[in-house]
Structures are given as C-alpha cells and as structure tokens.
1. Once you list every other residue whose beta carbon is under 13 Å from the beta carbon of K4, what net charge do they have if Lys and Arg are +1 and Asp and Glu are -1?
2. Over 18 Å between C-alpha atoms is what I'm after, so list which of K11/K41; K6/K36; K133/K171 land there.
3. Would you look at the GNM of the chain, springs on alpha carbons closer than 10 Å, and say which of L21, L178, L122 moves the most?
4. Regarding segment 110-190, what's the average projected area of the Cα-atom convex hull, expressed in nm²?
5. Summing Lys, Arg as +1 and Asp, Glu as -1, what charge do residues with Cβ under 11 Å from the Cβ of V153 carry, V153 excluded?
6. So what are segment 1-66's ellipsoid semi-axes, whole angstrom, largest first, if each one is the square root of 5 times an eigenvalue of the alpha-carbon gyration tensor?
7. Express the relative contact order of segment 72-122 as a whole percentage, based on alpha carbon pairs under 8 Å and six or more residues apart in sequence.
8. What percentages, rounded to whole numbers, describe P(r) for segment 64-172 computed over all alpha carbon pairs with 10 Å bin width beginning at zero?
Amino acid sequence: MDKKTKNRLRKLLGIPPNEGLSLESLILTWRLKIGKHIFKKKYTAQDVVAAMKSMGMQKGSVVFIQSRWAEFYNCTSDVEDLIDAILDEIGPEGTLGMACMPFMQEGKLFNVKKTPTNAGFLAEAFRRYPGVKRSVNIQHSICALGPQADYLVSEHYLSETPWDKKSPYYKLSEVNALVFGLGLGKYWIG
C-alpha cells in the first residue's frame, strides 16, 4: 500500500498520523475517543500523587515512571504540574527517573542533551526539566533528577544489553525503586 493510500485510510479511521496503521492503533484511537465520554471524573496532579503515595511513594523514594499522556484526558493539571508534584513529594533526597528512549531520525546523530525522547509527552517534558541527567544509550536511555541520578545514568554507555549490571534498569532494582506505569493500560509491557 502506498503512502498516500495509508494516509487516506488513517484519516478515514481517525488514526493520528504519528500512529502506525494497525488494528492496535485503531483500537487505541477509538478507546481514547470513547473513553472521554465514559470516564468523566476529573482529577489533578495531586490526585495522581496521592495514589502514588498510597502505593508507597514517600520522602526520599526513588521513583521511575513510564507513561502515556494521551490517557490523562481527564487530568486538569499539565505535565509540569505533575512533575513538580512528584518532586515535591519525594523531596530533595528523592530521585525521579523516566524512560527516555531517543526519537532517532535517519541520518541524525544521538545528542544526549538535545535528541527528543520517543517515550511520551511526560518524559519529554521531564527531559527538558532543569538539572535532569540523561544516560548515553541510543536505544534505552533514561532521564533522572536527584541524588541517585548519576548512579543510575553514568555507566549506561557501557551496557551490552538493556538490563545488564551497568544499565539504569538493573540499578533501579539495587536502589529499591518504585516503578509506576501511568496511563499504560491493564496489560502494558515495554
């Protein structure tokens, strides 16, 4: 199928141009459109933080998040409000990290400071947050802010696999990090 036909089909089915043309994309697109009319209860960043606190987040916690901001259609706060609320809750002794897989364009080099993330809107906002550090890894980088940030990101360039002892993902287990999937769905795997 040529590009023009794919674009017409995407438009007809209501699938955004940045989503793949698949049954999964079609289901997700329509679930989000319909969900806004079924799930109408509004909530704030403070409500999200309260839920995270009920699952163990506290002052000094190391928190790691993977998210899909499109699922936050009833949230009255913006991404910066959510990041600020989480950082306020864990305090200066806590560390916040997020997946930050680079969005790579053909012919472009990975720039640890400037290459945007393909891990979602929340992660991209966090990547740009003052003081955030990013690991050097073209496939599975993370961003982190707080006292454990250097420990988590410093050796990632030495990793041979995404989960080996030099990777931040392995190190998250060593610091007893709390891992949250926000807006990822019931059976999300990444």
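1. On the way: positive: K3, K6, R8, R10, K11; negative: D2.
Surrounding charge for K4 is +4.
2. Working: K11/K41 29 Å; K6/K36 27 Å; K133/K171 15 Å.
Violating the 18 Å limit, Cα to Cα: K11/K41; K6/K36.
3. Sorting by GNM fluctuation, first place goes to L21.
4. Values: hull surface 22.5 nm².
Seen from a random direction, the Cα hull of segment 110-190 projects 5.6 nm² on average.
5. Working: positive: K133, R134, K166, K171; negative: D150, E155.
Computed value for this residue: +2.
6. Taking √(5λ) for each Cα gyration eigenvalue gives 37, 16, 8 Å.
7. Numbers: 24 pairs, mean separation 16.2, N = 51.
About 32 percent, as a whole number.
8. 15, 47, 31, 7, 0
The values are calculated or read from the model by the stated rules, or taken from the named source; none is laboratory data. As the structure is a prediction and not an experimental result, all values here were calculated from the model. Every residue, glycine among them, receives a Cβ derived from its backbone with ideal geometry; neighbour counts consider all protein chains shown. The area values use the complete protein model at the heavy-atom level, side chains included, leaving out ligands, DNA and RNA. Shrake-Rupley method; radii C 1.70, N 1.55, O 1.52, S 1.80 Å.
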